[in-house]
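The structure under discussion appears below in the form of structure tokens.
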Number of protein chains: 2
Amino acid sequence: MAAGAFGFKGCQKIRGPQIRTLLEAKDFILFDCDGVIWHGETAITGAAKVVSSLIRRGKNVVFVTNNCTRPRESYVHKFYRLGFTDVLLEQIFSSSYCSALYLRDVVKIRGQVFVMGCDGLRRELQGAGVPCVEEADEPDATIYDCALAEDVKAVLVGHDDKLTFLKLAKASCYLRDPECLFLATDNDPWHPLSGGRILPGSGSLTAALEVSSGRKATVIGKPSRFMFECISSQFSGVEPARCLMIGDRLETDMLFGSNCGFDTVLTLTGVSQLEDAQRYLDGEPAADRGLVPDYVVDSVADFLPAFEELDDEQSD
Amino acid sequence: MAAGAFGFKGCQKIRGPQIRTLLEAKDFILFDCDGVIWHGETAITGAAKVVSSLIRRGKNVVFVTNNCTRPRESYVHKFYRLGFTDVLLEQIFSSSYCSALYLRDVVKIRGQVFVMGCDGLRRELQGAGVPCVEEADEPDATIYDCALAEDVKAVLVGHDDKLTFLKLAKASCYLRDPECLFLATDNDPWHPLSGGRILPGSGSLTAALEVSSGRKATVIGKPSRFMFECISSQFSGVEPARCLMIGDRLETDMLFGSNCGFDTVLTLTGVSQLEDAQRYLDGEPAADRGLVPDYVVDSVADFLPAFEELDDEQSD
């Protein structure tokens, strides 16, 4: 068992008994959310049962999402609404929450943060006591004549469906100050919508700002290890070898797992497909191997038979 | 003379007699505009006299600008307004004009172009008979529910001070079709404003769209050679060895000159400084040598004494 444990990353398709053995070897189960346990406002069939079965069996279950559009409180409501009724606030690690921790606890920011992102991101920062520049409602202002705040010590970019040229220009001006930090909640390039449409992600807006500023952003979300540091600081005894990362995106979830030393499971209900993983497995450079999942399942619902067997044993 | 002619690119600072020898060896003088002959609405002192002196001496003078915000007609007015009274429409090669030529004559576009840029760019395309998607005035539309045109065969990105998230999202959706071309008027990362502020350039918006679409844009403006092809198609007998490119930006103007086989002059009235050129000259990789100017002047006004000497000779 455990191809991953022997250093062989091979997109191994696994089923009931193998999943059971894998889960027995792990204490911490990390789930991505969108494309893994839900699609927007629809839960993936069986996902809520998988999560509650893991929790009931004493596993530490945490949710690690690059979605930065809402504060954690709002996530708790969403989990409940979609039938994940036993998920608590402290199990949720979003890139907005981890950005707030980074600004408050790691860099101990003194001054304001200019947020190029949604209100939810701003609310998460404010909830952590990190002050944000209030955007004045000035529809006719331009970068030639608008006010710029004096004490901006960080620009934080996230998903921003209210992006305007003025916001991008202001952020570019703030980043002229080399002492102003440049952070991105995550680097997701785009997100799938229904009907073949896509939504540009934080990575798209970050790229715009990287070019206009000539600087590179520090990325907080997956695949950066920082989210694991947040988890480790709030749960005791987290050992990478006993963690399993389950996600739908090679470039974020699988690479995050590899970067942290976890075994990884790709679920095919989201963005990345088996062929994508195979391309990274077959191709050069070898550095891309971190994007290859150890294991593959069609859906997290594939975990259910593993619990049934366990239940059978327990009821024997 | 002509360090450039011997393949030695060396930021050589030149003055009156050397400038005179250089100009005598050239038939075509190519000027960038902003930072070279004007700053916004203010002409650089002496620039208008330099341009008219060159024209009077029978040189072919052309203006090669990555500014895509206005159609050529509007440039003629600007030249006249700032004292360049003998500049004609056919001397002006802007990235918006060359984009229109590319769409009409090179790819012979059948279908509409989605423009992420200013009205001036759209007007230039329409003037060349290239149809553009009309943007409906729908302030509450989102990418989830907005209309998308059926026959978009190219997305063209330029400077867009009215950029919104919806425009970026629409462009990203159109680029899902592999038959939809992806063009950028230019790749300028930012433009200087007064008071230390900056304006994100087309290159910034292009980067956002490259990330959200996972594709690379074809760049029309400098440093791409295409603008030289436009000039060659409209003037006969353009020999690269007899062309001189004068600009203020290493990454666009100097590299464009190098890419086309011209000698190049950096003028220090704009974005790039001598130290920037020196860094490219001293640094690795050797590929960056194309960014190093052959010659450097403080301002195009440094050309004036060369004409005075010529005038003296002619009046002898």
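See the values below:
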{"quantity": "Test: residue in the stretch B:43-51 that is closer than 13 Å to B:Thr85 by Cα, open to solvent by 30 Å² or more (accessible area, probe 1.4 Å) and modelled with pLDDT of 95 or more", "calculated": "yes"}
{"quantity": "Check on B:Ile19, outside the structural domain of B:Glu135 (by TED's automatic domain parsing), part of a helix (DSSP H, G or I) and among the aliphatic types (A, V, I, L, M)", "calculated": "yes"}
{"quantity": "Residue tally, condition outside any strand (DSSP E or B) and in contact (Cβ under 8 Å) with a residue 40 or more places away in the chain, over the stretch A:36-53", "calculated": "10"}
{"quantity": "Qualifying positions in the stretch A:85-100 - surrounded by fewer than 21 Cβ atoms within 10 Å (Cβ to Cβ) and either hydroxyl-bearing (Ser, Thr, Tyr) or touching a residue at least 40 places away in the same chain (Cβ under 8 Å) (or both)", "calculated": "A:Thr85, A:Glu90"}
{"quantity": "Failed item in (1) within 24 Å of A:Leu304 (Cβ to Cβ); (2) under 16 Å from the mean Cα position of the chain (by Cα); (3) surrounded by fewer than 24 Cβ atoms within 10 Å (Cβ to Cβ), with A:Leu82 passing the rest", "calculated": "(2)"}
{"quantity": "In the stretch B:46-86, the residues that are within 21 Å of B:His191 (Cβ to Cβ) and polar (S, T, N, Q)", "calculated": "B:Thr65, B:Asn66, B:Asn67, B:Thr69, B:Ser74"}
{"quantity": "Within the stretch B:101-116, tally of residues that are open to solvent by less than 40 Å² (accessible area, probe 1.4 Å) and either in contact with a Gly (Cβ under 9 Å, 6 or more places away or on another chain) or in a loop (DSSP other than H, G, I, E, B) (or both)", "calculated": "4"}
{"quantity": "Matching residues in the stretch B:166-181 - criterion: being open to solvent by 10 Å² or more (accessible area, probe 1.4 Å), facing chain A (nearest Cβ under 9 Å) and hydrophobic (A, V, I, L, M, F, W, C)", "calculated": "B:Leu166, B:Cys173"}
{"quantity": "Enumeration of residues in the stretch B:182-197 that are among the basic types (Lys, Arg) and crowded, with 20+ Cβ neighbours inside 10 Å", "calculated": "none"}
{"quantity": "So A:Asp263, is it open to solvent by less than 10 Å² (accessible area, probe 1.4 Å), in contact (Cβ under 8 Å) with a residue 40 or more places away in the chain and acidic (Asp, Glu)", "calculated": "no"}
{"quantity": "Some residue of the stretch B:183-200 being within 14 Å of the chain's Cα centre (by Cα), among the small types (Gly, Ala, Ser) and assigned by TED's automatic domain parsing to the domain that holds B:Asn60", "calculated": "no"}
{"quantity": "Number of positions in the stretch A:59-74 that are at pLDDT 95 or above and more than 13 Å from the chain's Cα centre (by Cα)", "calculated": "3"}
{"quantity": "Number of positions in the stretch B:60-77 that are of a type in the set (Lys, Arg) and surrounded by fewer than 16 Cβ atoms within 10 Å (Cβ to Cβ)", "calculated": "0"}
{"quantity": "Number of the condition not met by A:Arg122 [criteria: (1) free of Cβ contacts under 8 Å to residues at least 40 places away in the same chain; (2) part of a loop (DSSP other than H, G, I, E, B)]", "calculated": "(2)"}
{"quantity": "Residue ID - farthest from the other protein chains (Cβ to nearest Cβ), chosen from residues in the stretch B:201-229 that are under 22 Å from B:Cys132 (Cβ atoms) and in contact with a Phe, Trp or Tyr (Cβ under 6 Å, 6 or more places away or on another chain)", "calculated": "B:Met227"}
{"quantity": "Boolean, B:Ala128 is under 27 Å from B:Thr65 (Cα atoms) and surrounded by fewer than 21 Cβ atoms within 10 Å (Cβ to Cβ)", "calculated": "yes"}
{"quantity": "Which listed residue, of A:Asp151, A:Asp119, A:Asp161, A:Asp137, is under 24 Å from A:His191 (Cβ atoms), away from every other protein chain (no Cβ under 12 Å) and open to solvent by 20 Å² or more (accessible area, probe 1.4 Å)", "calculated": "A:Asp119"}
{"quantity": "The stretch A:28-41, residues that are over 15 Å from the mean Cα position of the chain (by Cα) and crowded, with 16+ Cβ neighbours inside 10 Å", "calculated": "A:Phe28"}
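Conditions tested, residue by residue: (1) more than 28 Å from B:Leu181 (Cα to Cα); (2) in a loop (DSSP other than H, G, I, E, B).
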site	(1), (2)
B:Gly58	yes, yes
B:Phe63	no, no
B:Glu73	no, no
B:Val76	yes, no
B:Phe79	yes, no
B:Asp86	yes, yes
B:Phe93	no, no
B:Ser96	no, no
B:Ser99	no, no
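Conditions (1) within 30 Å of A:Glu179 (Cα to Cα); (2) without any contact (Cβ under 8 Å) to a residue 24 or more places away in the chain; (3) in contact with a strand residue (DSSP E or B) (Cβ under 8 Å, 6 or more places away or on another chain), marked per residue:
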position	(1), (2), (3)
A:Glu229	yes, yes, no
A:Ser232	yes, yes, no
A:Val238	no, no, yes
A:Arg242	no, no, yes
A:Asp253	no, no, yes
A:Asn259	yes, no, no
A:Ala277	no, no, yes
A:Ala287	no, yes, no
A:Gly290	no, no, no
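For (1) in contact with a helix residue (DSSP H, G or I) (Cβ under 6 Å, 6 or more places away or on another chain); (2) open to solvent by 20 Å² or more (accessible area, probe 1.4 Å); (3) not assigned by TED's automatic domain parsing to the domain that holds A:Val115, each residue gets a yes or a no:
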{"site": "A:Glu210", "(1), (2), (3)": "no, yes, no"}
{"site": "A:Ser236", "(1), (2), (3)": "no, yes, yes"}
{"site": "A:Met245", "(1), (2), (3)": "yes, no, yes"}
{"site": "A:Leu250", "(1), (2), (3)": "yes, no, yes"}
{"site": "A:Asn259", "(1), (2), (3)": "no, yes, yes"}
{"site": "A:Leu274", "(1), (2), (3)": "no, yes, yes"}
{"site": "A:Tyr280", "(1), (2), (3)": "yes, yes, yes"}
{"site": "A:Tyr295", "(1), (2), (3)": "no, no, yes"}
{"site": "A:Phe307", "(1), (2), (3)": "yes, no, yes"}
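The values are calculated or read from the model by the stated rules, or taken from the named source; none is laboratory data. Since the structure is predicted, the reported quantities are computational estimates derived from the model, not experimental observations. Backbone-built Cβ (ideal geometry, glycine too); neighbour counts: all protein chains shown. For the accessible areas, the whole protein counts, side chains as well, though only heavy atoms, and no ligand, DNA or RNA atoms are used. Shrake-Rupley method; radii C 1.70, N 1.55, O 1.52, S 1.80 Å.
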